Amino acid sequence: MKRTIITLAILLLCRLALAQGISVETAKFRVGDNPAWASPSFNDTSWDVLRLDTDWNAQGIDNDNAYGWYRLHVVIPSSLKGRDSDKILLALGTIDDADETFLNGVLVGKTDGYDSPRRYIVDRKLVRWDKENVIAVRVYNGDPPGGFYGKPAWITLVSGPYILTPPAPATPRYNGPAVFGVRPGSPVIFRLAFSGEKPMRYAVEGLPDGVVLDSEKGVLSGSVKEEGDYPLVLKARNAKGSASASFTLKVGSRIALTPPMGWNSWNCWGTSVSQKKVMESAMALVSSGLADYGYSYVNVDDAWEAAERNPDGTIGTNENFPDMKGLGDWLHGNGLKFGIYSSPGDRTCGGYLGSLGHEKEDAEVWNSWGVDYLKYDWCGYSKVYGASSDHSVAALLRPYIKMQQYLREQPRDIFYSLCQYGMGNVWEWGAFVDANSWRTTVDITDTWESVRSIGFEQQDGLHPYSGPGHWNDPDMLVVGKVGWSDNLRDSRLTPDEQYSHISLWALLAANMLIGCDLSRIDDFTLNLLCNNEVNAINQDVLGRQAHKDIEEDGIEIWSRELSDGGIAIGIFNLNEAPVPVYLGGAIGKIDLEADSVRDLWRQKDIPTDATYTVPSHGVLLVKMKTSK
Ligand code: GAL
């Protein structure tokens, strides 16, 4: 019953939202190709008029294997101006095939593929406010149908970077997980994640024998022989005050009791990674304060491997990684953990040496370097799999079981991260090969289409398979400066899309591996990653991945139950226009009579009997709590 009320509220409000942008339904059109047609001053009065929601063939234009130009004339009102940092989105619907798009004569976007939605974000400076603007689109079409189709074009404002996370207090505040799992006898590597003014002194009550604290760095090390739950009190003090937090060190068979948080080299450096770059990001993890929020893994992805194996079959590094053991020691000395990458095939995806036939040697070498995390990427193994007639699920498991045995023989805990893009419903069997996480999809990239497909569409229904010790992995974060090469750029996701990305990954209990150059991290990205209340959702000890409750008119509501009885709820707006949403005292988990609703990004309690505007591709992330 209540669900119906909410659905209606969203439907009604969607219609209201249409005022927040400009819909363009028709354009001038001519067959042919002429660069002069990009100019705003070109006289196109004699051209045809075509609708933008229907292809040109359906409108009587026979123009295949050729060019055609659309010219959209639109007055953009200064009410859409926003702030200096804001931008303008040209959402051109779907175009078949390739296009080049000009705003007032300036090239603003180009897409070679076909049938994909065109969304170009352009600088406000190119807009002629309150006057006519010309969006000229040069379209090449191979086979029919051709040109624009699907829906009218839509022009709207896109927010520039805006920070929601309130500044952290100068006094110490614990932001890390409430538990840490380690196997008996394995090294304990744990950094106390307190924010606040430095220097800080740390203390821990209840430490078991064998574990020591570096009270200046706040780093726990050592090992515990006896299985058991060790309740500790973590403490920190600085010039401004002190804080403490209850914590459990769980010594037993399970590790990764909360999803891993840290950094991986791939989304920024790709194969141009080097030890120097990794060190710069590792040092920045500490100096920027990210480590004070629980980010602790520093993972080297592909491209560290030597060209050939050593004569004894062991693997070494290439010249870009002169000292892996030194890297591991530095990380451990700072309470951080060291990750590495390989493939069960003879070659990795980047064409480097894989572990096939050398699984034991590789596990031993990694142990000698102090590796704490292995991402094991299918890639070159497709040759072995393809050559065999056995394509059962057992055949998919085989290479992962093999490496798992050797990892477990090492005298340290190695987080086992499967990367095989979700084949054979890996979430159904990943835990049986003792994996701590498994990639559920193909590679992510820094576009809304990618985040939408991987995050919203492909994680739906996977929640039963995730939990403490074994997590669904929808791939690494695409915020900050990324580029998969030496050419880094700011993430192409808008700020609102980045808030949705981080909110969804927090709700999904996803691996939180940052993929940008940390040595050049900006304030917006840092605040996005260092909201302790948002991160607490990801790190909640119950480990319940969110499920999708409602999908209606481009609004998706995802929720997850939390260990303190609260419920975290993300109300996501997948539409191109902002949508006002009325909370009305009940959303998502309908039966809950909430005593409080907290906006987690802004970190403040908000009234339920009110309407909130959820930006286009943005989110309202709340926590509902009841004292009952
Ligand atoms: C891909 C993997 C990426 C990255 C890359 C390295 O298969 O999905 O995340 O690890 O290989 O070559």
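Listing for the model above:
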read-out: Kirkwood hydrodynamic radius (C-alpha pairs) into Stokes-Einstein, region 306-423, 20 °C and 1.002 mPa s, D in µm²/s; value: 144
read-out: Per residue, the convex hull volume that the Cα atoms of region 401-460 enclose (Å³); value: 90
read-out: Those trypsin sites (Lys or Arg not before Pro) in region 58-141 that DSSP places in a loop and that have at most 15 other beta carbons within 10 Å; value: Lys81, Arg83, Arg128, Lys131
read-out: Candidate lysines - alpha carbon under 28 Å from Lys28, same-chain residues fewer than 8 apart omitted; value: Lys81, Lys87, Lys110, Lys125, Lys131, Lys151
read-out: Volume of the Cα convex hull of region 173-251, divided per residue and given in Å³; value: 68
read-out: Karplus-derived 3J(HN,Hα), 6.51/-1.76/1.60, for each residue of region 433-441, Hz, glycine and proline x; value: 9, 6, 6, 9, 7, 9, 5, 9, 8
read-out: Residue-wise HN-Hα coupling along region 576-581, computed from phi with Karplus coefficients 6.51, -1.76, 1.60 (Hz; x: Gly, Pro); value: 7, 10, x, 10, x, 10
read-out: Percent of beta bridges antiparallel (DSSP, the chain, rounded to nearest 5); value: 80
read-out: Long-range HN-HN contacts of Gly262 with modeled amide H, under 5 Å; value: Ser296, Tyr297, Met512, Leu513, Ile514
read-out: Inter-site label distance for Asp64 and Asp33 at 7 Å from Cα along Cβ, in nm; value: 1.8
read-out: Per residue value of the accessible surface for region 173-251 (all protein chains in place, 1.4 Å probe), Å²; value: 46
read-out: Degrees, to the nearest 10: 275-287 long Cα axis against longest axis of the chain; value: 90
read-out: Amide H contacts of Thr348 (H built 1.01 Å from N, under 5 Å, at least 5 apart or other chain); value: Leu353, Gly354
read-out: Cleavage-rule hits (GluC sites (Glu not before Pro)) in region 347-441: DSSP loop, at most 16 neighbouring Cβ within 10 angstrom; value: Glu409
read-out: The chain - Rg (one decimal) and Dmax (whole number), Cα, Å; value: 26.4, 87
read-out: Anchor Lys235: lysines whose Cα lies under 29 Å away (excluding residues fewer than 8 positions away in-chain); value: Lys198, Lys217, Lys225, Lys250, Lys337, Lys604, Lys623, Lys625
read-out: Crossing angle, helix 324-333 versus the chain [Cα axis fit, 0-90 degrees, rounded to tens]; value: 80
read-out: Over region 192-253, relative contact order from alpha-carbon pairs under 8 Å, at least 6 apart, %; value: 34
read-out: Amide hydrogen neighbours beyond the local backbone of Gly93, cut-off 5 Å, H modeled; value: Arg118, Trp154
read-out: Carbon plus sulfur fraction of accessible area for the chain, probe 1.4 Å, in percent; value: 51
read-out: Degrees separating the helix 359-369 axis from the principal Cα axis of the chain, which is the longest one; value: 80
read-out: Average projection area in nm² (convex hull over Cα atoms of region 26-151, one quarter of hull surface); value: 7.2
read-out: Whole-number percent relative contact order across the chain, with pairs defined as alpha carbons under 8 Å at least 6 apart; value: 12
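The values are calculated or read from the model by the stated rules, or taken from the named source; none is laboratory data. Values in this document were obtained by computation on a predicted structure and should not be read as measured data. Heads up, the Cβs are rebuilt from the backbone with ideal geometry, glycines too, and the neighbour counts pull from every protein chain shown. Ligands, DNA and RNA are stripped out before the accessible areas are found, and what is left, the full protein with its side chains, is counted by its heavy atoms. Shrake-Rupley method; radii C 1.70, N 1.55, O 1.52, S 1.80 Å.
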